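Below is one structure, written out as structure tokens; the observations come after it.
The values are calculated or read from the model by the stated rules, or taken from the named source; none is laboratory data. Since the structure is predicted, the reported quantities are computational estimates derived from the model, not experimental observations. All Cβ positions, glycine included, derive from the backbone under ideal geometry; neighbour counts span all protein chains shown. Remember, those area values only see protein heavy atoms, side chains included, never the ligands or the DNA or RNA. Shrake-Rupley method; radii C 1.70, N 1.55, O 1.52, S 1.80 Å.
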Amino acid sequence: QNDLDLIIKQYPDDMNILRVYAIGDVHVGSPEFDEKAIKKKIQIIHDDPNAAVCVCGDLGDYGLKNSKTNVYQATMSPRQQQEYIYELFKPIANKFSAVVPGNHEERITREVGTCPLYDLCVLWGVSEVYRQNVAITKYAFGREPGQIRQNTFIGITTHGTTRNKHRKFIACFDWIDFAVSGHTHTP
């Protein structure tokens, strides 16, 4: 899909609340991977009937011998990471509203020409919400009595680089309601 192809997520008219959760920089396979925290977040999302999820990259650590990551400290091989990520996020994949890869997925793409996050989206059946660099999603939900159209919001999802570059990039979209970005490991 082209990055500028709008993703449209339409929810029921009687759904008057939509909670958008952000997931990124999980780094499965890294010694710092917090399995307990991500499983707790997945359970919260799974139990929330009003949940939508923006995935902003780096679900896996995907260390290769030429990358900055110390591959000898990895807790799983890239293949094991891929299988683990598939099972871990499978219960909530149907709630994904935008998915973009991070720099850790990009290192696999540079080496072998395929993106592990795109492959996972295909397996989860949500490839239509995957974008290579930035995902622009229109969320339509709820309808007040007498209201003709549903409530709509526009969100941008990206992985990014530095906080300053995030702000400058997101400032280019003056018509968005919210932005989700990763890479800096801070909200």
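Where both residues lie in the chain, what percent of DSSP beta bridges are antiparallel, nearest 5?
30 percent
Just how many % of Cα pairs in the chain lie over 20 Å apart, if you round to the nearest whole percent?
Pairs farther apart than 20 Å: 55 percent.
How long are the three semi-axes of the equivalent ellipsoid of segment 67-134, in whole Å, if each is the root of 5 times an eigenvalue of the C-alpha gyration tensor, listed from largest down?
21, 15, 9
Run the simple label-point estimate for residue 164 and residue 3 please: 7 Å along Cα→C-beta, distance reported in nm.
2.1 nm
Over segment 46-187, what percent of the accessible surface lies on carbon and sulfur atoms, probe 1.4 Å?
53 percent
If you average the alpha carbon positions of segment 22-91 and of segment 103-157, how far apart do those two centres end up, in angstrom?
Comparing the Cα centres of segment 22-91 and segment 103-157, I get a distance of 17 Å.
Counting only C-alpha contacts under 8 Å and six or more residues apart, can you give the relative contact order of the chain as a whole percent?
28 percent.
Solvent-accessible area per residue for segment 1-92 at a 1.4 Å probe radius, Å²?
Here the per-residue accessible area is 58 Å².
Could you give the nm distance between label points at residue 114 and residue 154, where each point is 7 Å from its Cα heading toward the beta carbon?
The answer from the label model is 3.5 nm.
What net charge do the residues around residue 57 carry, taking every other residue with its C-beta under 10 Å from that of residue 57, with Lys and Arg at +1 and Asp and Glu at -1?
Surrounding charge for residue 57 is -4.
Name all residues of segment 98-128 having a backbone nitrogen under 12 Å from the label point set 7 Å from the Cα of residue 64 along its Cα→Cβ direction, giving them as ranges.
Within reach of a label on residue 64, which here means backbone N under 12 Å from a point 7 Å along Cα→Cβ, segment 98-128 contributes 104-116.
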